[in-house]
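Chemist: First the structure, which I've put down as structure tokens, then a few questions once you've had a look.
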Amino acid sequence: MPLAKIVFKPGVNKESTSYGNEMGWFDSSLIRFRKGRPEKLGGWIKLSSDTILGTVRSLFNWVTLDGTKYMGIGTSEKFLIEEGGNYNDITPLRSTQTGLSNPFTSTNTSSVLLVTDASHGAAEGDYVTFSGASTFNGVAASAINTNLQIKSVTSSSTYTVDTGDAASSSGTGGGTVTAKYEINTGLNQTLGGTGWGAGSWGGYVDDVDSNTLNGAVNTTATSVTLTSATNFALPSDTTLSADIEITSSTIGVADSSSFPSQGTIKVGSENIIYRTNASNILGDLTRGADGTTAATGSSGAAVSFLGLININNELILYDTVSSNTLDDITRAVRGTKAYSGTDRTSPTEANPSHSDGDTVLEANAFTGWGNSVQISATTSQLRLWFQDNFGEDLAFNAIDDAPFYWDKTLGVGTRATGLSAQSGASNTPTITRQIMVSGTDRHLLCFGCNELGSTTQNLLHVRWSDQENPFEWTPTVTNTAGGITLSSGSEIIRAIKTRQEILIYTDINTHVMKFIGPPLVFGFTMVGSNTSLIAPNAVVSVADQVFWMSRENFYIYNGRFQIIPCTVLRYLFDDLNNNQTQKITAGSNKMFDEVFWFYPSADSEENNRYVKYNYVEQTWDIGELSRTAWVDYGVHSFPRAGGADSGTERVYVHETSNSADGLAMNSFVESADFDLDPDGNNFMLVSRIIPDVSLNSGGVVDFVLKTRNFPGDTLATNSTNSILPTTQQSFTRARARQIALRIESTNLESTWTLGDTRLDLRPDGRR
């Protein structure tokens, strides 16, 4: 029988049907295309046997003058510096409380301690380090005097920790104790909405009151009962002092003195969110909130204040208080739903149940995304980090939080401290969306930060320090410090360095920032519109080019903007979990001219799949791999990535093995359907495979033939042929109109590259 060489077009194409993509590749995982040929992706090993607390969201490498290599690791719970495979906790402190007298209360047989500290300001999941505690009621001092995670916040003055050491009796004690509180942890899951820019609130602006449920709340509850509603009483209602229109941006009321600085009011049937309250004028409005419709209102109309509470990340509106019961409630407002217990990766229904004793937070002190806020202790958004080195030191920040600085000379055993706390610091930003060090001109930059002389975050403002001085931010005639507010958009999403310029992405357009020298220092030019990012980390700079993912396309910037033709675009957006798009992260692999985008699929709350682009050969492929952060080789010899292994967070070193950290990799590429003649009239009979595959010694790869007779049929596995390095030919028998070929390896340590396979086939009739 005649031999037919089967040559497939490079790259995976899922923009058509499998039959419509004849002689192309249709599916893949853990492979790459190199010189048009598919081959198994390089494997990985864990960097260290030590585990990491929290999901890794940021990795950054740098090297000091003495050759020491560091890597900054930002997680949802901690900030670490890796040196020589050791993880060092440098998470900044938020506050230190000294002289706490017998602050612990134990319960017999329980390892959980109740901690009393009237000024703790902590949230569930935060970390505290105790020192000076003595052994009491059977709980060892060594179990207490360590870094512990806060298990629950029971009130504004109490919380619980689990020491792991069960008490032998109940009571209070511990001696004189110091408590050092780390900066508040961030969320590990986007709350509600559809990705970056979504969610129900942006952060705290004031201290908030809390209490607990007195009785469970079921899915059909029409009221919420607290242990005490004293601090949840509604302000007095008032009336409009003037007419309002649908387009009104402020509302005048007869008396707003009893209203908080921000909150929600009801005028007629319309809910209105306000964020400023001054001289009986409520401003910075969101009209038609909570699913209501913006409407006009006449002078003298009633204005009712609506209370807002948070239970397990469900926001609930109420407009009356009776004793300790909050009535006239509206469940799951502003796109929220709850998670089960402490598991933020398992959201529940829109009107979830809550247990007796669950924490209730007064939530009018939360503000919406994209609005000017003064972030204090706690944030309620996905914890992302940005970092850059200033010489040997490291500057970093959590998104929309204070900037921090770590001085290398103090060593990895010393925590980072606030930028404003550094010696000689002057007018440093106190809150920023992102920090960065500019290129050769060496200015420290803050994007989306508070303006000079203000404590309010301006999400369009850019500031920079004096040249070569990251602590001097006061502009003078003798330095280069300064700032500017971008002219368009509502918020900066991300800035990224490329060759001799910085790209700044806002929610609607893109600006180029270039160093031009005094007196202006930096020049700004808008260079693109409708080119914004789908997520802050969905962009990467490599080979003097910038690649990013928007909400509808992939783009490249190399002096000009271009859409990247993508053969897996529809597949990606159909597969994407639109509630968790903020987690999308990009990474480059310069060894193979590749860019990854890791994303959460529709059935996952965390990144579990990727699309990959070879920017030299202009081919795409897809696969499954759980990675939440990535940094390319350069300082280190191989790329590194953060991800979870059986629920344990690690940093992995890629392209260093043929296995998945000692386990077999399920690596495959599968073709689209092909037939014998252009019109698909004839059945084919395949009797023999002559493989052309490069295999390592001891490697095995399976050639799988899948068949069907019509495009609407399900592909059925017809035969699996195991190919060894010594295999010359493999006999099989497959008969169908359409055949797909799958190359797969699942054994440990195999590596392969596919050549031009030949099949022994002949026509076998039309029936």
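Please treat every number below as a calculation from the coordinates, not as lab data. Just so we're clear, the structure is a prediction, and the values are computed from it rather than from any experiment. When we count neighbours, we look across all protein chains shown, and the Cβ atoms used for this are built from the backbone with ideal geometry, even at glycine.
Chemist: In deg cm²/dmol, rounded to 500, what helix-only [θ] at 222 nm does the chain give when every DSSP H run of at least 4 residues adds -39500 (n - 2.57) and the total is split over its residues?
Modeler: -500 deg cm²/dmol
Chemist: Please turn the phi angles of the range 594-608 into ³J(HN,Hα) values with the Karplus equation 6.51 cos²θ - 1.76 cosθ + 1.60 (θ = phi - 60°), one per residue in order, whole Hz, x for glycine and proline.
Modeler: Here the 3J(HN,Hα) series is 10, 10, 9, 10, 8, 8, x, 6, 4, 9, 9, 8, 9, 4, 9 Hz.
Chemist: Quick one: which residues, 5 or more positions from L326 or on another chain, have an amide H under 5 Å from its amide H? H modelled 1.01 Å from N in the peptide plane, none for Pro or chain starts.
Modeler: V224, T225, L226
Chemist: Hey, can you rank 465-471, 306-312 by average C-beta count inside 10 Å, highest first? Numbers along the way, then the final one.
Modeler: Numbers: 465-471: 21.0, 306-312: 23.0.
Descending mean neighbour count gives 306-312, 465-471.
Chemist: Using only the Cα atoms, work out Rg/Rh for the range 385-530, with Rh taken as the Kirkwood radius, to two decimals.
Modeler: The Rg/Rh ratio comes out at 0.95.
Chemist: If you don't mind, another one. Lys and Arg at +1, Asp and Glu at -1: add these up for the other residues within a Cβ distance under 9 Å of T585 and post the number.
Modeler: +3
Chemist: Evaluate Rg over Rh across the chain, taking Cα atoms for both radii and Kirkwood's formula for Rh.
Modeler: 1.02
Chemist: Apply the Karplus parameterisation 6.51 cos²θ - 1.76 cosθ + 1.60, with θ equal to phi minus 60°, to every residue of the range 26-37 and state each ³J(HN,Hα) to the nearest whole Hz, in sequence, with x for glycine and proline.
Modeler: 10, 8, 6, 6, 6, 10, 9, 9, 10, 6, x, 9
Chemist: Write down, largest first, the equivalent ellipsoid semi-axes of the range 673-767 in whole Å, where each equals the square root of 5 times an eigenvalue of the alpha-carbon gyration tensor.
Modeler: Details: eigenvalues 143, 35, 20 Å².
Each semi-axis is the square root of five times an eigenvalue, giving 27, 13, 10 Å.
Chemist: Could you give the radius of gyration (one decimal) and Dmax (whole number) of the Cα atoms in the range 93-182, in Å?
Modeler: For the range 93-182, the Cα-based Rg and Dmax read 11.4, 33 Å.
Chemist: Among the listed pairs K151/K266; K9/K583; K46/K612; K78/K337, which are separated by more than 29 Å between their Cα atoms? Mind showing how you got there, number by number?
Modeler: On the way: K151/K266 37 Å; K9/K583 32 Å; K46/K612 22 Å; K78/K337 26 Å.
Over 29 Å apart, Cα to Cα: K151/K266; K9/K583.
Chemist: Another question about this same structure. State the three equivalent ellipsoid semi-axes of the range 540-655, derived from the C-alpha gyration tensor as the square roots of 5 times its eigenvalues, in descending order and whole Å. Write out the running numbers ahead of the final one.
Modeler: Details: eigenvalues 92, 77, 24 Å².
Calculated on Cα positions only, the semi-axes equal 21, 20, 11 Å.
Chemist: List, in order, the whole-Hz ³J(HN,Hα) value for each residue of the range 77-88 obtained from phi through the Karplus relation with A = 6.51, B = -1.76, C = 1.60 and θ = phi - 60°; use x for Gly and Pro.
Modeler: Once rounded to whole Hz, the list reads 10, 9, 10, 10, 10, 8, 9, x, x, 9, 9, 10.
Chemist: Ok, one more. Which length gain, in nm to one decimal place, applies between S110 and S236 when the Cα-Cα distance is subtracted from 0.36 nm times their residue separation? It would help to have the intermediate numbers written out before the result.
Modeler: On the way: separation 126, 0.36 × 126 = 45.36 nm, distance 4.51 nm.
Gain on extension, S110 to S236, equals 40.9 nm.
Chemist: Over the chain, what is the mean sequence separation of C-alpha contacts under 8 Å (at least six apart), divided by residue count, expressed as relative contact order in percent?
Modeler: Worked out over the chain, it gives 15 percent.
Chemist: On average over all directions, what projected area in square nanometres does the range 203-367 have, based on the convex hull of its Cα atoms?
Modeler: Values: hull surface 36.5 nm².
Result: 9.1 nm².
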